[in-house]
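This report refers to the structure that appears directly beneath it.
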Amino acid sequence: MHKYIEELTELISNCPMENTYKMSWCRALVEYCCYNSERKIHFGKLSELIFKYYWNQSIFFNLEQGPNINKRPAIHQIVKDEIQKYKKVYGQQPVNFIRASDKINIDIAKISKILTYDVSWRFLKLENKTYNIYEYKKGEQHLVLRYPGLIKEHSRLLFQLINYRWSQKLEDLNNSPRISQKVRGVDKDKDIKRKSLKKFQSLIEIENPNRICFITNKSIPEKEMSIDHIIPWSYMYSDDLWNLVYVNKSINSSMSNRIKKNEIKNKLIKRNKTLLQMLDAKNISNREVEKLRLAVDKDYVELFWIGHQG
């Protein structure tokens, strides 16, 4: 491997990180090189890419990027503010940055200024050594990359390493499950496709054959039938029988990603135990049933309920 790429991977693997700035910065450099060959890169070009990464991780999974939610990294807070503005106008449904980009305002100048005085020069320093990945004078809003072609050539390896290190940091900053899967899920410019929950219907109906809404305790009209996650999908990033119930569509929409009250949590715990007993009585055994059994044995509802609220 070329010494230049060895040094870049050394930086990615070992650079100290208080927040995720350095990984977003490095990923933007690699992605830029995949589509551009010029060595001189203005920070405005990197700012939009970094905004994109934080937008996708925040709007889909609400992942924190720094240790203090009351004083988030400035770029992340800019993104969070824009997400709130977007939702007020266009609704709560998460949307990939590419689809939303023409409806939002990105303060390129402000983000570039933050990159100038915080990230750009810090990334090059590891212990007592300054790595010569790019030429940069502190205070300027551009850099000169030494070997953009080499970065493009090794981009697949670099993306994997960046995602790994980014996921590691996110695990320190968030108590959310499946962090690495979430990072991979939004690292491409594609919408996250939710899987159909219809396959769970026959199992849910064993305990709830009359299709009573789990939230309102009222019968659900056929056209209003919906299957919903009690602990939000945005937190779990998984479809599991133990976390799925029948709800009225209007209730499903209004709940959005808000966590439900403790009595709903306790009701879900009771439902899961009853459902498992009924499935065992009918000698029904498959992957979803065994996952339900594990969830009951390990008290997943309580565990993830507490984790989500934290």
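Summary of computed values
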| read-out | value |
| --- | --- |
| Qualifying residue in the stretch 111-125 (condition: of a type in the set (Phe, Trp, Tyr), in a helix (DSSP H, G or I) and farther than 23 Å from LYS188 by Cα) | yes |
| Boolean, ILE114 is crowded, with 18+ Cβ neighbours inside 10 Å and either of a type in the set (Phe, Trp, Tyr) or in contact with a strand residue (DSSP E or B) (Cβ under 8 Å, 6 or more places away or on another chain) (or both) | no |
| Output for the stretch 123-137, where each listed residue is of a type outside the set (A, V, I, L, M, F, W, C) and surrounded by 15 or more Cβ atoms within 10 Å (Cβ to Cβ) | TYR131, TYR134, TYR136 |
| Neighbours by Cβ (under 6 Å, 6+ apart or cross-chain): first from the stretch 87-109, part of a helix (DSSP H, G or I); second surrounded by 14 or more Cβ atoms within 10 Å (Cβ to Cβ) | PHE97/LYS52; PHE97/TRP55; PHE97/ASN56; ILE108/GLY44; ILE108/SER47 |
| Boolean, LYS71 is touching a helix residue (DSSP H, G or I) at 6+ places or on another chain (Cβ under 7 Å) and without any contact (Cβ under 8 Å) to a residue 24 or more places away in the chain | no |
| Subset of the stretch 20-66 [closer than 12 Å to LEU170 by Cβ, polar (S, T, N, Q) and in a helix (DSSP H, G or I)] | SER24, GLN57, SER58 |
| Scope the stretch 73-111; condition among the β-branched types (Val, Ile, Thr) and surrounded by 14 or more Cβ atoms within 10 Å (Cβ to Cβ); matching residues | ILE75, ILE78, VAL79, ILE83, VAL95, ILE98, ILE104, ILE106, ILE108, ILE111 |
| Any hit, the stretch 150-170, residues being on the phi > 0 side of the Ramachandran plot and more than 17 Å from the chain's Cα centre (by Cα) | no |
| Those residues of the stretch 10-19 which are assigned to a helix (DSSP H, G or I), touching a helix residue (DSSP H, G or I) at 6+ places or on another chain (Cβ under 7 Å) and surrounded by 16 or more Cβ atoms within 10 Å (Cβ to Cβ), in sequence order | ILE12 |
| GLU135 in contact with a strand residue (DSSP E or B) (Cβ under 7 Å, 6 or more places away or on another chain) and over 18 Å from MET23 (Cα atoms) | yes |
| Selection status of LEU157, touching a His at 6+ places or on another chain (Cβ under 7 Å), more than 28 Å from ALA109 (Cβ to Cβ) and surrounded by 13 or more Cβ atoms within 10 Å (Cβ to Cβ) | no |
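Every residue, every condition in (1) within 16 Å of ALA28 (Cα to Cα); (2) in contact with a strand residue (DSSP E or B) (Cβ under 6 Å, 6 or more places away or on another chain); (3) at pLDDT below 95; (4) not assigned by TED's automatic domain parsing to the domain that holds ASN286, yes or no:
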position	(1), (2), (3), (4)
ASN128	no, no, yes, yes
HIS154	yes, no, no, yes
ASN175	no, no, yes, yes
LYS193	no, no, yes, yes
ARG211	no, yes, no, no
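A quick yes/no check of all residues on (1) part of a helix (DSSP H, G or I); (2) at pLDDT 95 or above; (3) loosely packed, with under 12 Cβ neighbours inside 10 Å:
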| position | (1), (2), (3) |
| --- | --- |
| TYR246 | no, yes, no |
| ASN252 | yes, no, no |
| ASN257 | no, no, no |
| LYS260 | no, no, no |
| LYS265 | yes, no, no |
| LEU268 | yes, yes, no |
| THR274 | yes, yes, no |
| LEU279 | yes, yes, no |
| ASN283 | no, yes, yes |
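The values are calculated or read from the model by the stated rules, or taken from the named source; none is laboratory data. Owing to the predicted nature of the structure, the values given are computational and were not obtained by experimental measurement. Ideal geometry is used to build each Cβ from the backbone, glycine not excepted, and the neighbour counts take in all protein chains shown.
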